[in-house]
Amino acid sequence: DAGVTKVKYGRDMTYYIAAEPGYEIDQVIVDGKDVGPVSEYTFTDVKKKHTISVTFKAAAWNNPFKDVSEGDPFCDAVQFVYENKLFQGISDTEFAPAMTMTRAMFVTVLWRLEGMPVVNYLMQYDDVADETWYTEAIRWATAEGIVEGYGDGIFGTNDPVTVQQSAVIMARYAEYTGNYTAPGANLGIYADNADVADWAVEAMMWAVENGVYAPVNGKLVPTALAPRSLAAQLMHAYVVKFGK
C-alpha cells in the first residue's frame, strides 16, 4: 500500500514487509538504492524525508513431482491445479501427466474449481455409487447440465474423456458461469478439422478462440484421449482467461 508515515524528528521507524501467499519479496528500494529482499528495514535517527518501495514476484514452486519438469509445457498448469487443490498426485512424488482422465475425474476437478457446491438433485445413474470421491461432483454437474449421462441410467463414470469431450464440458461450464459467448473461430485452418464431431464443433471453436485449448502442431486431435496434463492446462487456461 502506498502512503506517507510521519515520524518525530530523530526517532527510528521500522517497516515490516510480508508477501501474499504464492509471492515473495523481489526488491526493497530505499532512497533509490536496492537493499535486497529484506523482510524489514529500519530508518534510524530520522531527520529528513526518506522513501521505501517494495516489489514482489511469484514464489518459486517447490515441485514435488519427479515426472513434471520446468521445461514441460504443462508445468505451470500442474503447479496451478496442485496449489489450488484441484488435482492431487497419484503419489507424493508422481503427478502422472500422461494418465487418461475419466469422466468422473474430469467432473470432480471442475467441481473443485467451482468451490465444491452442494446441490439437491436426485441422480438416477446405476454406475455412480453413493458417498464416493466423485458422487457430489457428478450430482452437481448433472444438475447444472454441464455433463450428461448416456441414458438408461449410465453416466460412464470410468470412461475416458477425449479432447473434444473436454472442450464440450468446458464450454458448458463457461455457460454455467456466464463466460460463454458464441465463437467465430475458423477450424478450417487445422488439418484434421473434419475429425471434429458435429456435436463438438462449436465447443471446439469456443475453446480455441478463447485460448482454453491450444491445438497441437497445427492439429486439433479431437478424438485423442485427454490426459491429466491436458485437463490441468484447460483449467489453468480457463482461469487465466476468465478469472475465478
At most 11 other Cβ within 10 Å, DSSP loop - trypsin sites (Lys or Arg not before Pro), the range 77-147 = 85
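If exposed means no more than 14 neighbouring beta carbons inside 10 Å and the site is in a DSSP loop, what's the longest run of the chain without any exposed chymotrypsin sites (Phe, Trp or Tyr not before Pro)?
10-120
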query = In deg cm²/dmol, rounded to 500, what helix-only [θ] at 222 nm does the chain give when every DSSP H run of at least 4 residues adds -39500 (n - 2.57) and the total is split over its residues?
reply = -8500 deg cm²/dmol
inquiry  = Between residue 96 and residue 40, what's the calculated FRET efficiency when r is the beta-carbon distance and R0 is 35 Å? Round to 0.05.
reply    = 0.25
message = Exceeding 24 Å between C-alpha atoms, which entries from my cross-link table qualify? They are 57/219; 66/219; 6/33; 85/219; 85/244; 219/244.
response = 57/219; 66/219; 85/219; 219/244
key: Neighbourhood net charge (14 Å Cβ-Cβ; Lys/Arg +1, Asp/Glu -1) for residue 111   = +3
task = Would you please state which residues of the range 43-65 a label at residue 5 would reach in this model, taking the label point 7 Å out along Cα→Cβ and a backbone N cut-off of under 16 Å?
result = 43-55
ask   = With the dipole of the chain worked out from charges on the C-beta (+1 for Lys and Arg, -1 for Asp and Glu) around the Cα centre, which of 3, 21, 88 lies farthest toward the positive end?
value = 3
note = Counting only protein heavy atoms and leaving out ligands, DNA and RNA, the solvent-accessible surface of residue 127 at a 1.4 Å probe, in Å² to the nearest 10, equals 50
inquiry  = Report the Cα centroid-to-centroid distance between the range 7-56 and the range 95-142 in angstrom, as an integer.
reply    = 48
task = Using a 1.4 Å probe and ignoring any ligands, DNA or RNA, find the accessible area of residue 177 and quote it in Å² to the nearest 10.
result = 50
note = With the dipole of the range 164-244 defined by +1 on each Lys or Arg Cβ and -1 on each Asp or Glu Cβ, the option from 186, 218, 176 whose Cα lies farthest towards the positive pole is 176
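Hey, what's the range 146-211 come to in accessible area per residue, 1.4 Å probe, Å²?
For the range 146-211, the solvent-accessible area averages 46 Å² per residue.
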key: Cβ-based net charge around residue 130, under 11 Å, with every Lys or Arg adding one and every Asp or Glu removing one   = -1
task = At most 15 other Cβ atoms within 10 Å and a DSSP loop assignment: could you name the GluC sites (Glu not before Pro) in the range 105-170 that fit?
result = 131, 148
request  = Give me the percent of the accessible area of the chain that comes from carbon and sulfur atoms, probe 1.4 Å, all protein chains in place.
outcome  = 48
ask   = Around residue 49, with a cut-off of 12 angstrom between Cβ atoms, what is the net charge of the other residues, counting Lys and Arg +1 and Asp and Glu -1?
value = +2
key: Global form of the range 148-244, assessed from the alpha-carbon gyration tensor, a/c cut-off 1.5   = rounded
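The values are calculated or read from the model by the stated rules, or taken from the named source; none is laboratory data. Here the structure is a predicted model, which means the values were calculated and not measured. Don't worry about glycine lacking a Cβ; one is built from the backbone with ideal geometry, like all the others, and counts go over all protein chains shown. Ligands, DNA and RNA are stripped out before the accessible areas are found, and what is left, the full protein with its side chains, is counted by its heavy atoms. Shrake-Rupley method; radii C 1.70, N 1.55, O 1.52, S 1.80 Å.
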